[in-house]
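The values are calculated or read from the model by the stated rules, or taken from the named source; none is laboratory data. Bear in mind that the values here come from a model prediction, so they are computed numbers and not experimental data. Every residue, glycine among them, receives a Cβ derived from its backbone with ideal geometry; neighbour counts consider all protein chains shown.
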Amino acid sequence: MKPLIRKRRTKTKYKPILKNANTWPVMQMAKKRKEFVQLVVEESYDNLLNLKRGKSLKEELEMTIFREKQRVKTNPWKVDPVDDYSFWEKMSEDLAQVENLKEADKDIALKNIMVKIVERYSNEIAGHFNPSHYNVTRTLVTIGFGRLLNAVRVKGPWSVFSNQLDLDDKIHITGKVDELRKLAKMGTVVMVPTHYSNLDSVLIGWVIQFLGLPPFIYGAGLNLFNLKIFSYFMNSVGAYKVDRRKKNALYLETLKAYSTIAIREGCHSLFFPGGTRSRSGKIEKVLKLGLLGTAIEAQRQVFQSEDSDQNKVFIVPVAINYHFVLEAPSLINDYLKRKGQQRYYEENDEFTTSYKISKFLVKFFTKGSDISVSIGDALDVLGNNVDSKGNSLDKNGQIIDIKDYFKSNGEITENHQREQEYNRILGKKIVEEFHKHSRVFSSHMVAYVGFRMLGRINKHLDLYGLLRLQDDDLIINYDAFKAQFIVILEALKELNAQKQVGMADHLFSLTVDEIIDHGLKNLGMYHAMLPMVKTKKGDIEVQNMNLLYFYHNKLIGYDLEKYF
């Protein structure tokens, strides 16, 4: 393979769309944090009282307290507050005392307990945005990553101080960037990216500041705050915390209220609609619609207010693409275990300590693997496309007023069943955008072709039998591999021409042999054992079927299977 000559790209310098930090919506929220948290408590309280459920309030509180005490005992995290167990013990004692009260006082006492729990949840969820910390973090991420990037290209002990290349030579931002910047000036943006790695949050944070956008609030998994390096970053940018361990109604309603109010008040927001990292490596097809629904609720509330023309909510899907995912071994093992068909050796998660993350970052920015972040077409909360002026468009490209979709008898009204249907439609549209704007890399292609060819050769085996193939069964003739690779490459180029999928530049600029070599070099490049390599004879050898399956899954959903 000819050496890839990386040319410096012509770069666009994005100016901040809001120069004065005091005008940032997240800054306004940070200044009034106490009032904001109190508003979350009040709206959560009202929502819970109006929530239709099969249990009484007392039963709901009993279940919540029981589950929380179990969580503290069986699944504690470092980030949990020191008084976690004592608080829930106190709530349990208070609940037990309710039975001793007069009938007229019981309801008041139960509501007081609920308020205490919701207040605790609200304070836990709420972010701590600090503009000085944000600027420091932004500078450190940009300079630090950029210096590490240069180390491989400028030899010698002083290479980390070189300015030869910048971080944006490594991270390729494509898609509707200008449209995103325009919409962020005229309304509230809710960014919804695909989710493959714990690195995603840091990556998207860098992209936001690089594009000159004001800070977004993050719906970040509380588990990330267990790691010092991520905890500092998340706290600096004002991330709000999402604890996936908590499934009770009180917590979920508090979380939804926080997100709804923040969006309603104009805070640009980001959360991963897949809910968690893709265990299989596939582009998400089934989304967690809870937080997504808060954007719809916020839009309806804005329309009900006097300032309804000042704050339209825009949903912007974002497709993240890597040549590799550091956590892939543990993610795919977890996925296969959950399918319940076969027991697998459970590898340790490769992304569990600050040291390992730091070591990974050094490796990543001193090697040649790239990242792509593709900004998708902006949508309104009903899943309609919007133009650069923020107008909603129907299927025929005609401007429509989505206020009408929230009306009953001429008035904008709250209708949960109606909004749930809108949420379902929006989720489906986001999945379509993920597939359209995902960018195919050489590594995705070699993994897909290799795994599919082995499946065709071993038609008698199911998935789990295929994953257990050994030795000579894992060798693929190079000429046969190349012939099949060309077929898939041409199919993808046709889909690309139809704007059904994105493709990395190297898939157009290199020869087929060079693309294959490039893909093999980058496929899972940081794992202890590469998923697939070339043998001395020049054939293709698979070394890790589980990982090959994980990376192959990236191209599921494009109907390429028919070519095998």
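Which ones in segment 52-71 are under 29 Å from the mean Cα position of the chain (by Cα) and at pLDDT below 95?
none
Exactly one of these conditions fails for residue 459: (1) assigned to a loop (DSSP other than H, G, I, E, B); (2) surrounded by 14 or more Cβ atoms within 10 Å (Cβ to Cβ). Give me its number.
(2)
What do you reckon, is residue 95 buried (at least 17 other Cβ atoms within 10 Å of the Cβ), in contact with a helix residue (DSSP H, G or I) (Cβ under 8 Å, 6 or more places away or on another chain) and either more than 20 Å from residue 255 (Cβ to Cβ) or modelled with pLDDT under 95 (or both)?
Numbers: buried (at least 17 other Cβ atoms within 10 Å of the Cβ): yes; in contact with a helix residue (DSSP H, G or I) (Cβ under 8 Å, 6 or more places away or on another chain): yes; either more than 20 Å from residue 255 (Cβ to Cβ) or modelled with pLDDT under 95 (or both): yes.
Yes.
Under 8 Å by Cβ, and 6 or more places apart or on different chains, what pairs join a residue from segment 25-53 that is not assigned by TED's automatic domain parsing to the domain that holds residue 252 with one that is crowded, with 17+ Cβ neighbours inside 10 Å and aromatic (Phe, Trp, Tyr)?
Here the result reads 26/129; 26/216; 27/129; 29/36; 29/129; 30/129; 40/258; 44/121, each pair linking segment 25-53 to a residue that is crowded, with 17+ Cβ neighbours inside 10 Å and aromatic (Phe, Trp, Tyr).
Could you grab me the full set of residues in segment 66-85 that are assigned to a helix (DSSP H, G or I) and touching a residue at least 40 places away in the same chain (Cβ under 8 Å)?
67, 68, 71
Being closer than 24 Å to residue 391 by Cβ and out of contact with any strand residue (DSSP E or B) (no Cβ under 8 Å at 6 or more places or on another chain) is the filter here; which residues of segment 409-421 pass it?
410, 411, 412, 418, 419, 421
Within 30 Å of residue 279 (Cβ to Cβ) and modelled with pLDDT of 85 or more: does that describe residue 202?
Answer is no for this residue.
State the number of residues belonging to segment 63-80 that are exposed (fewer than 12 other Cβ atoms within 10 Å of the Cβ) and in contact with a Lys or Arg (Cβ under 9 Å, 6 or more places away or on another chain).
1
Examine segment 311-332 for a residue that is surrounded by fewer than 22 Cβ atoms within 10 Å (Cβ to Cβ) and part of a helix (DSSP H, G or I), and state whether such a residue exists.
Within segment 311-332, one or more residues are surrounded by fewer than 22 Cβ atoms within 10 Å (Cβ to Cβ) and part of a helix (DSSP H, G or I).
In segment 462-479, which residues are in contact (Cβ under 8 Å) with a residue 40 or more places away in the chain and either assigned to a helix (DSSP H, G or I) or surrounded by 23 or more Cβ atoms within 10 Å (Cβ to Cβ) (or both)?
463, 464, 466, 467, 474, 478
Can you work out which of the residues in segment 212-265 that are in a loop (DSSP other than H, G, I, E, B) and crowded, with 20+ Cβ neighbours inside 10 Å is modelled with the lowest pLDDT?
238
Can you tell me which residue among 514, 433 is in the same structural domain as residue 319 (by TED's automatic domain parsing), of a type in the set (D, E, K, R), touching a residue at least 12 places away in the same chain (Cβ under 8 Å) and out of contact with any helix residue (DSSP H, G or I) (no Cβ under 6 Å at 6 or more places or on another chain)?
433
To keep it simple, each residue is scored yes or no on (1) within 30 Å of residue 327 (Cβ to Cβ); (2) out of contact with any strand residue (DSSP E or B) (no Cβ under 9 Å at 6 or more places or on another chain).
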| position | (1), (2) |
| --- | --- |
| 391 | no, no |
| 400 | no, no |
| 428 | yes, yes |
| 435 | yes, no |
| 453 | yes, no |
| 459 | no, yes |
| 466 | yes, yes |
| 470 | yes, yes |
| 477 | no, no |
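For segment 519-539, which positions are crowded, with 21+ Cβ neighbours inside 10 Å, at pLDDT 95 or above and over 17 Å from residue 467 (Cβ atoms)?
The answer is 519, 520.
Condition first: surrounded by fewer than 15 Cβ atoms within 10 Å (Cβ to Cβ), of a type in the set (Val, Ile, Thr) and under 14 Å from residue 297 (Cβ atoms). Now tell me which residues in segment 378-418 satisfy that.
413
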